[in-house]
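Written below as C-alpha cells is the structure these notes are about.
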Amino acid sequence: MIFVFIITTIGYTQKIAIPDSLQTKTVDELESLVLKNAKNSTKASFYAEMLLLKAKKEKDTLGLAKGYFQVSFNYSKPLKSIAYLDSSIAVSGSINHNKYPILAYLNRALSYEQLKNYDKVLDNNMTALELAEKTNNIYLNDIKHNIARLKDYIGEYEESNEIYKQIKNHEDSISRKGDGPLNTVFLLARSYRKLNKLDSASIYNKEGIRRALKDSFNIYYSFVLHEGITLYQKKEYTSALDSINKALSHIKKNKRWRDIKNTLDGFLHLSKTYNKLDSTSMFLKSLQEIDQIYDKTQYTSDEVREAYELLVNYYKSKNDKNKQLFFLNKLLKIDSTLHINYKNLNRKIVFKYDTPKLLSEKEKLISLLETKQKKSSNKFLMMVLLTCVLIVTFGYVYYKNYQYKKRFRALMSLEKEKTDYTKTNSSNNLSSNVLSDIPEEIVNNILKQLNQFEEKNEFLSPNLTVNILAKKLKTNSKYLSKVLNTKKQKRFNVYINELRVNYAIDQLKINPKFRLYSIKGIAHELGYNNDRAFSKAFYQKTGVHPSYFIKKLEKEKL
C-alpha cells in the first residue's frame, strides 16, 4: 500500500521515484487526491509532494504552479511556505489561468500576516486584486475581504464598512451559504460598532445569530459575544453581561486566531461591564484572564493594551506601586510590539499615555519603591549613578526633541524654494567665467528647460541620471553639470534630491492620503529605489527624519 512509507517519503520526494500505484495518475488527478484528503494532513502532504514531483518530471508549467502551491501547506513555518509560494508565482507568469498565480498571492499574504509584515500583506493582496479585477475572478470577494481587514487595522472603518457591504450584497445575490458569508456579516456588524452605529451593528448581529443557527453553528457564539459588546456600548449593562458570559463560556478555549481576538475583546468588555456595575472583584478577574492569555500566547492587540492600561490605573488608584510597575512594564512591551507590527501600514494608534510619559512614570515608580527599602551604600551609589545617567540621557533626548521641533516649525513655515536666475548677483562674474566655453544661448536654453522640468515634477521619474536628463534636454551631461554647479550651485544628485524632498514636504502638508503611505511607499512615489535613500536625503535637507515629520504633522491635524 502507498501509505506504508508515507512518513519516510514526505520531505524527501526529490530523492525518490513516484510509487508504481501513482505512476499512471495525471497531474489533475493528483491534485484531486490532495483536495479530497484535505482533512487528513498526512495524506494531503504526501499527495502534494507527488503532484510536484510529477509536474517536474513532465515539465508541466500549470502542474508546477499547482504543485508548489499545494506543497506550501505542508509547512507550519511561514518562511518555508513563502519559498514554495514564490516558486508557484514564478512559474505562473507565463500561463493564463483563473486560479494561478492569484491563489499563491493570497496565501503568501496570509503567510506574511503570520510574520506581522503588513506591508507585504498589502502588496500581495493588491497584486491579487489587480489580476482578479481584469477577469472578474471568483476570488475577487476574498481579496476585497483582506483589503477591508487591513483598513480595519489602520482605523479606516468607513472604507472597510463600504467594502463589507458590497461583499455582502454580492453574497446575498448568489445565495451563498456557510462560514464565509457569515464572517462577512460579522465583520460588517463590527465595522458598524466601530463607527458607533450601534443599531445597525445589532441588526447584523441578530441576522448572524439567526443564520448561524441554521447554516453554521461554528460562528454562532461570536455573534452572541459581539452583540454583548454592542449592548455594553449602548449602556445596557445587565443584558451585555448575560450575552458576554454566555458566549465566553463556549469560545474562550478555542485557540484559532479569530477566537483569540474575540475572546480578548469579550473579556475586556466583560471587565468594563463589571466596573460599571461596581463589581471590583469580577472586574479584576476578567482583566486577569486577559493577562493569562497574553502570558501564554504573547498575542498583542488594542484590546490587550487597553486591559493593561486599566490594570495600571486600578493599582495606581490603590497606591500599590509594585503591581503598578509590574503591569506598566507589560504595557510598554505591548506598545513596542504594536508599533513594530503596524508601522509599515502607518497605523495611527491613539494612546492615552505616550511612551515617554509611560517611561517617566515607570522611573518615578522605581524611585519611590527603591526609597522605601533599606539600601546598602553600594546600592545607593549605583542608584545615584543610574539617576545621573538617566538625567543626562533624558536631557540629551529633550535637546534632540527641541532641535527636531525647531526644525519642524521651520519646515512648516518654509515656502517652496525658488531661485530667479534672471537677476544678476555677485556670483554672476564667476559664473560667466566658468561657463565661458558654453554659448550663452545654450546656457539659457538649459535653464529654461530645467524650469519646465521642475514645474512638471519630472524629477519624480525613477532611475534618473545626469546622462538621462541631459539627453531629455537635448544637451550633453558636461554642459548640464556645469550649468547646475554654477547657476543652481548644486551637484546633480543634490539638485534632484532637494526637488524630491521639497515635493514630499508639500504633499505631506496638503494631502492627508499621502501621509498614510509607508516611508517605502513615499520613496517609491518620489522615484527612489529604496526607503533608505529617501530618508537620508530628507534628513540631509531638513535635519529631521521623514517618520518624525509625518508624526508631527498628524498631531498638528488633530
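Taking the Cα centre of region 187-346 as reference, the dipole from Cβ charges on Lys and Arg (+1) and Asp and Glu (-1) amounts to some 200 debye.
Solvent-accessible area assigned to carbon and sulfur over region 101-218 amounts to 48 percent, based on a 1.4 Å probe. Per-residue 3J(HN,Hα) values for region 443-454, derived from phi via the Karplus relation 6.51 cos²θ - 1.76 cosθ + 1.60 with θ = phi - 60°, read 4, 5, 5, 4, 4, 4, 5, 5, 4, 5, 4, 6 Hz in sequence order (x marks Gly and Pro). Maximal additional length on extending the residue 529-residue 455 stretch stands at 24.4 nm, based on 0.36 nm per residue less the C-alpha distance. Ordering 182, 115 by accessible surface, largest first, gives 115, 182; the 1.4 Å probe counts only protein heavy atoms, with every chain in place. When each of the peptides 297-306, 268-277 is scored by the mean number of other C-beta atoms lying within 10 Å of its residues, the order from highest to lowest reads 268-277, 297-306.
Sequence-ordered 3J(HN,Hα) estimates for region 456-473 from the Karplus curve with 6.51, -1.76 and 1.60 and θ = phi - 60° stand at 8, 6, 6, 6, 7, 5, x, 6, 7, 10, 5, 5, 5, 5, 4, 5, 5, 8 Hz, glycine and proline given as x. Using the alpha carbons alone, the radius of gyration of region 145-263 stands to its Kirkwood radius in an Rg to Rh ratio of 0.95. The 1.4 Å probe gives accessible areas that order 383, 50, largest first, as 383, 50. The share of C-alpha pairs in region 28-114 whose separation exceeds 19 Å stands at 33 percent. For region 16-171, the Stokes-Einstein estimate of translational diffusion at 20 °C and a viscosity of 1.002 mPa s comes to 129 µm²/s, using the Kirkwood hydrodynamic radius over alpha-carbon pairs.
Note on exposure: 259, 199, 172 ranked by accessible area (1.4 Å probe, complete protein assembly) read 199, 172, 259, with the most exposed listed first. Remark: region 300-310, residue by residue, has Karplus-estimated 3J(HN,Hα) of 10, 6, 4, 5, 5, 4, 5, 4, 5, 5, 5 Hz, where x stands for each Gly or Pro and the curve is 6.51 cos²θ - 1.76 cosθ + 1.60 at θ = phi - 60°.
In this Cβ point-charge picture (+1 for Lys and Arg, -1 for Asp and Glu), region 249-324 has a dipole of about 180 debye about its Cα centre.
Among 200-207, 504-511, the peptide with the highest mean count of other Cβ atoms within 10 Å heads the list, and the full ranking is 200-207, 504-511.
Per residue, the accessible area of region 192-240 comes to 48 Å² when a 1.4 Å probe rolls over the protein heavy atoms. Ignoring solvent entirely, what values of log10 I(q)/I(0) come out of the Debye formula for region 484-537 at 0.16, 0.22 Å⁻¹ when each Cα is a single scatterer? Debye curve over Cα of region 484-537, log10 I(q)/I(0) at q = 0.16, 0.22 Å⁻¹: -0.49, -0.80. P(r) for region 246-323, from all Cα pairs and a bin width of 10 Å, is 19, 53, 24, 4 %, short bins first.
With one equal scatterer per alpha carbon and no solvent term, the Debye-computed log10 I(q)/I(0) for region 135-210 at 0.15, 0.18, 0.22, 0.26 1/Å reads -0.47, -0.67, -0.98, -1.28.
Beyond 20 Å, what percent of the Cα pairs of region 456-558 remain? Of all Cα-Cα distances in region 456-558, 41 percent exceed 20 Å.
The values are calculated or read from the model by the stated rules, or taken from the named source; none is laboratory data. These numbers come from a predicted model, not from an experiment. Positions of Cβ are backbone-derived with ideal geometry, glycine not excepted, and every protein chain shown enters the neighbour counts. For the accessible areas, the whole protein counts, side chains as well, though only heavy atoms, and no ligand, DNA or RNA atoms are used. Shrake-Rupley method; radii C 1.70, N 1.55, O 1.52, S 1.80 Å.
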